[in-house]
Amino acid sequence: MIKELINFTKSIDSETAESSKNITNGVHIFIEQDDNEELFISNIFDSSEEIESEDLKKILVYEKYSAYLNMNKQQKFDKNQKIHSANPFSFAFNFSLGNNKKEIESTLKGKIDRKELNNSLKIESKNFKIEEVKKSINSYFNNAKRLCLQEPSKYANLLQKFEVFCNNNLFEFIKYGDVDNKIYLKRYVNIGEKDYVKVYLTCVSVNDWIEAYQYYFNSEYPKDKNVVNDFFAATYNQKKPFLIHQTASFDGFKFEGIDATIIKKFEGFAKTKPKILPNPLPIFIDKDELNKNVISIFKENGKFGYREIIESLLENNNDDLHNYYLLNWFYGKDFQVIDFDYVSKFEYEIKNLIIHNLFEIKEKGGKTDKHYPLIKNIFDFEFQVLRPLIQSKYHRVDFFGDLNKEDYAKLDLTFSSFSKYRKAVYDYVYKSQRNSIDGNTFYEMVFNSILDDVKNNNDYGIKEKLNIWYSLFNYFNPLKNIYMVNKLKEYQDFVRQLIDEEELTDITDEKFAFAAGQVIEYILSKSKSADNSFNLLEPYLQQSKCVEFKKAIANDFGRYKHENFSKNFEKVAAFVLSYETDANLKHLLPQILAGAFAKNQLFSSNSSK
């Protein structure tokens, strides 16, 4: 796979490569030396403002040859990881408080409340970070000289002055400018916590900058040796064992040191803003024209996602969407490839699947029955079937980000499905790995979501998930040869037989469970409680033994026996309460819920809820 990534990077045209050259957000400061060999700030540039092209080119060069490789390697420069540059002629940091942000801000708020600090939390947080950065300055410069300079003595005097300048002069300038009244600059107040302050010793020649950086880079990635991968960092998924790559391990993966420069170049393309590469990114093997088409399509339509790119490719290359790698990455403190897998063939089309409106839900906000569009392709399938089963309360699915339980408030079981199966859904849709979701997985996702909907009194959600399950049962369980849409009709006909007192010839546990669902819904409709939610239904769904299940029905019937009950109810209830089975009723959950939420046949024409 490393070969394909390298070839892809080499094939990126110069125009696209040029468009990737954007400076880091924040403030960029040039330091010069005057005739008295004293250092001074010659220029300061704000990334949010227009910068002349010549100055922009200079900044890009200084950034390129001072960029840290990754946070693990950066510990060699600064074990505290507060300083984010990797060249003794540069000094860079941002205002992020890291993983301890909440704790630090809480402490600062307390000091502000006690009048121990006089500024806003916004300013005091930045002041705090500056003090943390100061603690690392001395060791940073010592390490940078050792790691980057073949002849440290050549720049000993200049770098000593630079270190003193950064310690004594720089921060005052960043905070207040060149005024004496100690009023915070608007730029300092407004700079974002992830924006950078980058300082460049521009009195040093560019050639010396490059020589220093390459000396360090080559020590990490010797050109004539195989080196252990640290670009495809597995650290991102260490907290998420269900996301650890199953088919291609990145740990211990090696490549030639000479290729590190090219991979680093790809990293630059991947983190560019505005984006020049889609994520996920298909990289076709030995098909440069298709790879160029991917970039071109994304470049022309910057908001296009993977679906739109694939569909654009299919318009002219229907037979070519096979034999490629699908790359997905994350860029936080480090660039990290989080999924890189081979796709033998992308299966786009799905043969005319349809979700039937079996439970008669209405269009949202309307009075007409909902009409489900035909599912013709895998992306229709994703958005109509799979996403609704694992999406957050904001109707979003983050396939690779950190798990955030707050996004799934009151959706505990859905969160469990999301945590367990989001990678399976991603593989099913985006990599055509149809074996990643089977009938059991489908069942768990559907009914976890339904049980959350029951707790949240979401009648629409329950019926929609039941529509999905009954309509697509056969799709996920092809070997069982059971068409559940017809089964639902059989259950309804069975209840009609009970009502019409016809001879029963084919009694099954599933038909009993459906009839029980009808009985339960009818009984609960008699409740005069202010609680009109589905909380009264939940206890039934927890029962596993038939005798306890029937006891719960009998108890609720006794609670409402003073109400009027239809003849239809009496006939069906008599059957349900006399039925016996050793089956685990939790396995009959689809039938019980279907009975409870399908059109109820137990209400006679003169009865009411």
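Suppose we filter Lys175, Lys145, Lys161 for residues that are surrounded by 13 or more Cβ atoms within 10 Å (Cβ to Cβ), out of contact with any helix residue (DSSP H, G or I) (no Cβ under 9 Å at 6 or more places or on another chain) and more than 15 Å from Lys82 (Cβ to Cβ); which single one remains? Just one listed residue meets the conditions, Lys161. Sort out which residues of the range 416-443 are more than 19 Å from Ile355 (Cβ to Cβ), free of Cβ contacts under 8 Å to residues at least 40 places away in the same chain and surrounded by fewer than 21 Cβ atoms within 10 Å (Cβ to Cβ), and write them in order of number. Answer for the range 416-443, where residues must be more than 19 Å from Ile355 (Cβ to Cβ), free of Cβ contacts under 8 Å to residues at least 40 places away in the same chain and surrounded by fewer than 21 Cβ atoms within 10 Å (Cβ to Cβ): Ser416, Ala424, Gln433, Asn435, Ser436, Asp438, Asn440. Checked against the criterion of being in contact with a Lys or Arg (Cβ under 7 Å, 6 or more places away or on another chain) and part of a strand (DSSP E or B), the range 34-57 contains one or more residues that satisfy it.
Of the listed requirements (1) part of a loop (DSSP other than H, G, I, E, B); (2) within 28 Å of Gln518 (Cβ to Cβ), Leu389 misses just one: (1).
Do we have any residue at all in the range 560-579 that's open to solvent by 50 Å² or more (accessible area, probe 1.4 Å), in a loop (DSSP other than H, G, I, E, B), in contact with a Ser or Thr (Cβ under 7 Å, 6 or more places away or on another chain) and of a type outside the set (Phe, Trp, Tyr)? So far as the range 560-579 goes, yes, one or more of its residues are open to solvent by 50 Å² or more (accessible area, probe 1.4 Å), in a loop (DSSP other than H, G, I, E, B), in contact with a Ser or Thr (Cβ under 7 Å, 6 or more places away or on another chain) and of a type outside the set (Phe, Trp, Tyr).
Set side by side, the residues Lys154, Lys198, Lys182 differ, and just one is open to solvent by 20 Å² or more (accessible area, probe 1.4 Å) and touching an Asp or Glu at 6+ places or on another chain (Cβ under 8 Å), which is Lys198.
Among the residues here, Ile507 does not qualify as under 21 Å from Thr441 (Cα atoms), open to solvent by 20 Å² or more (accessible area, probe 1.4 Å), in a loop (DSSP other than H, G, I, E, B) and not hydroxyl-bearing (Ser, Thr, Tyr). Name the residues in the range 385-400 that are out of contact with any Ser or Thr (no Cβ under 7 Å at 6 or more places or on another chain), under 25 Å from Asn357 (Cα atoms) and in contact (Cβ under 8 Å) with a residue 60 or more places away in the chain, would you? If the condition is that a residue be out of contact with any Ser or Thr (no Cβ under 7 Å at 6 or more places or on another chain), under 25 Å from Asn357 (Cα atoms) and in contact (Cβ under 8 Å) with a residue 60 or more places away in the chain, then Val385, Pro388 are the ones that fit.
Restricting the range 510-528 to residues that are among the charged types (D, E, K, R) and within 40 Å of the chain's Cα centre (by Cα) leaves a set whose member that is most open to solvent (accessible area, probe 1.4 Å) is Glu510. Every listed requirement among (1) in contact with a Lys or Arg (Cβ under 8 Å, 6 or more places away or on another chain); (2) surrounded by fewer than 12 Cβ atoms within 10 Å (Cβ to Cβ); (3) among the charged types (D, E, K, R) is met by Lys362 save one, (2). Only a single item in (1) part of a helix (DSSP H, G or I); (2) in contact with a Ser or Thr (Cβ under 7 Å, 6 or more places away or on another chain); (3) closer than 23 Å to Phe330 by Cβ is not met by Leu403, and it is number (1). Would you be able to say whether some residue in the range 228-240 is surrounded by fewer than 13 Cβ atoms within 10 Å (Cβ to Cβ), hydrophobic (A, V, I, L, M, F, W, C), at pLDDT below 95 and more than 21 Å from Asn43 (Cβ to Cβ)? The answer is yes, given that some residue of the range 228-240 is surrounded by fewer than 13 Cβ atoms within 10 Å (Cβ to Cβ), hydrophobic (A, V, I, L, M, F, W, C), at pLDDT below 95 and more than 21 Å from Asn43 (Cβ to Cβ). At pLDDT 95 or above, more than 39 Å from the chain's Cα centre (by Cα) and assigned to a loop (DSSP other than H, G, I, E, B), is that true of Ala583? It is true that Ala583 is at pLDDT 95 or above, more than 39 Å from the chain's Cα centre (by Cα) and assigned to a loop (DSSP other than H, G, I, E, B). For the range 463-484, residues that are aliphatic (A, V, I, L, M) and either buried (at least 16 other Cβ atoms within 10 Å of the Cβ) or under 29 Å from the mean Cα position of the chain (by Cα) (or both) total 4. For the range 70-99, a residue qualifies if it is surrounded by 20 or more Cβ atoms within 10 Å (Cβ to Cβ) and charged (D, E, K, R), and the qualifying residues are Asp78, Lys82.
Looking only at the range 382-398, decide whether some residue is touching a strand residue (DSSP E or B) at 6+ places or on another chain (Cβ under 7 Å) and not β-branched (Val, Ile, Thr). Yes; the residues of the range 382-398 include at least one that is touching a strand residue (DSSP E or B) at 6+ places or on another chain (Cβ under 7 Å) and not β-branched (Val, Ile, Thr).
Whether any residue in the range 345-355 is under 23 Å from Asp427 (Cα atoms), at pLDDT below 95 and in contact with a His (Cβ under 9 Å, 6 or more places away or on another chain) is what I want to check. Yes, the range 345-355 contains at least one residue that is under 23 Å from Asp427 (Cα atoms), at pLDDT below 95 and in contact with a His (Cβ under 9 Å, 6 or more places away or on another chain). When the residues of the range 485-504 are filtered to those that are within 29 Å of Ile375 (Cβ to Cβ) and not hydrophobic (A, V, I, L, M, F, W, C), which remaining residue is most open to solvent (accessible area, probe 1.4 Å)? Out of the qualifying residues, it is Lys489.
The listed residues are Phe575, Phe597, Phe534, and the only one of them that is modelled with pLDDT of 95 or more and closer than 23 Å to Phe447 by Cβ turns out to be Phe597.
The values are calculated or read from the model by the stated rules, or taken from the named source; none is laboratory data. All figures in this text were calculated on a predicted structure; none of them were measured in a lab. Counting neighbours? That spans all protein chains shown, and the Cβs are built from the backbone with ideal geometry, glycine included. Ligands, DNA and RNA are stripped out before the accessible areas are found, and what is left, the full protein with its side chains, is counted by its heavy atoms. Shrake-Rupley method; radii C 1.70, N 1.55, O 1.52, S 1.80 Å.
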